[in-house]
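Below is one structure, written out as structure tokens, with a few remarks after it.
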Amino acid sequence: MKAFAAVMRMVIAGVLMAIAGAVAAQQDYPVRPIRIIVPYPPGGSVNFLARVIDQRLAEDFGQQVIVDNRGGGNTVIGAEQAAKSAPDGYTLFLAGSTQVALPSLYSKLPYDLFNDFSPVATIARGEFILVLHPSVPASNLQQFIALAKAKPGQLNYGSSSTGGPTHLSAVLFEMLTGVKMQHIPYKGGGPAISDLMGGQIQLTFGNPANVIPFIKSGRLKAIAVSGETRLAALPQVPTFVEAGLAGLVLRNWYGLLVPSGTPKAIIDKLAVEIGKILKLPSTEEALVKQGLDTFISTPEQLGALMRTEKTRIAAIIKAGNITIEH
């Protein structure tokens with residue numbers, strides 16, 4: 001009996017030491033570099049957001065923050081890698097509207113968005129801009145709709161991924177106007193914009209961060225912006241409602257996730273730090289220049305947003321009969 005009691009005391013002592021060690025590790029976090037996985041190639045709007053966050057996060061934490069671009073597989077490759085990483089706060093995943101669309105597009109994914117990830121915080125949200133190659137003979141929305149109707153299936157539009165927000169914007173546009181266009185999916189917004197400027201495709205519903213510089217330089221034509229108000233960065237571009245098309249009101253959002261099982265203390269510490277960064281005037285200015293708004297939330301609010309958006313986007317996917325081609 002005494003031997004059993006001694007063993008139990010040793011076990012309890014070991015457990016308490018382990019708990020104390022875990023608490024100390026969380027309090028000291030971070031003690032080594034942090035990685036932000038971006039599920040797109042370099043050059044797109046998601047990569048821009050990671051760059052807005054990484055430098056300031058590194059300064060505040062005193063640790064290097066590495067942006068790791070893992071494009072491909074309709075963002076599944078990067079998401080799977082993040083989901084299977086150690087839940088210790090040293091791997092973050094920069095997610096967006098695409099991630100909540102994928103469960104409605106794939107019968108099976110190598111991860112579960114809601115069971116394999118924990119929400120940390122939102123970062124930004126923004127509208128979409130219908131942009132054309134300069135060779136397209138339309139200078140306003142009504143002219144473009146007339147052109148698209150006269151050439152059914154002949155105009156090619158690019159998207160950052162199948163089922164992603166830029167794709168869904170085009171699908172909703174087709175549903176509202178009755179036009180038919182050809183979808184060309186890419187592995188990110190950057191490659192799509194490159195082909196648009198090269199004339200390989202005629203249009204896209206671009207994220208502001210991807211297209212504003214080229215609109216201002218005259219290399220792309222901006223026709224209309226989704227949302228209820230004009231963008232401060234492009235005050236001359238009307239909203240779709242102003243241009244005569246009601247119903248095309250979409251917003252993209254971006255947020256950080258971590259692998260499920262990451263200690264709550266680390267999640268909360270990250271969320272607070274992200275909130276501080278987003279409140280900086282320099283951060284807000286950088287986002288506004290790219291046509292984005294800062295979007296601050298708690299982990300719980302991001303989790304609720306993801307579930308609401310999953311339901312909303314699933315309805316658009318079903319109505320548009322969107323499928324993944326294998």
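Which is on the phi < 0 side of the Ramachandran plot and either out of contact with any Pro (no Cβ under 7 Å at 6 or more places or on another chain) or of a type in the set (S, T, N, Q) (or both), of Leu292, Leu248?
It is Leu248.
Answer yes or no: is there a residue in the stretch 261-278 that is under 18 Å from the mean Cα position of the chain (by Cα) and at positive phi.
No, the stretch 261-278 contains no residue that is under 18 Å from the mean Cα position of the chain (by Cα) and at positive phi.
Conditions (1) buried (at least 23 other Cβ atoms within 10 Å of the Cβ); (2) touching a Gly at 6+ places or on another chain (Cβ under 6 Å); (3) not small (Gly, Ala, Ser), marked per residue:
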position: Met197; (1), (2), (3): no, no, yes
position: Lys216; (1), (2), (3): no, no, yes
position: Arg219; (1), (2), (3): no, no, yes
position: Phe240; (1), (2), (3): yes, no, yes
position: Ala246; (1), (2), (3): no, no, no
position: Ile267; (1), (2), (3): no, no, yes
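Take the residues in the stretch 79-104 that are closer than 13 Å to Pro165 by Cα and not β-branched (Val, Ile, Thr); name whichever of them is surrounded by the most Cβ atoms within 10 Å (Cβ to Cβ).
Ala95
Residues of the stretch 154-199 being more than 20 Å from Val46 (Cβ to Cβ), small (Gly, Ala, Ser) and not in a loop (DSSP other than H, G, I, E, B), which ones?
Gly198
Residue check: is Leu250 modelled with pLDDT under 95, assigned to a helix (DSSP H, G or I), closer than 26 Å to Pro39 by Cα and not basic (Lys, Arg)?
no
The values are calculated or read from the model by the stated rules, or taken from the named source; none is laboratory data. Computed from a predicted structure; not experimentally measured. All Cβ positions, glycine included, derive from the backbone under ideal geometry; neighbour counts span all protein chains shown.
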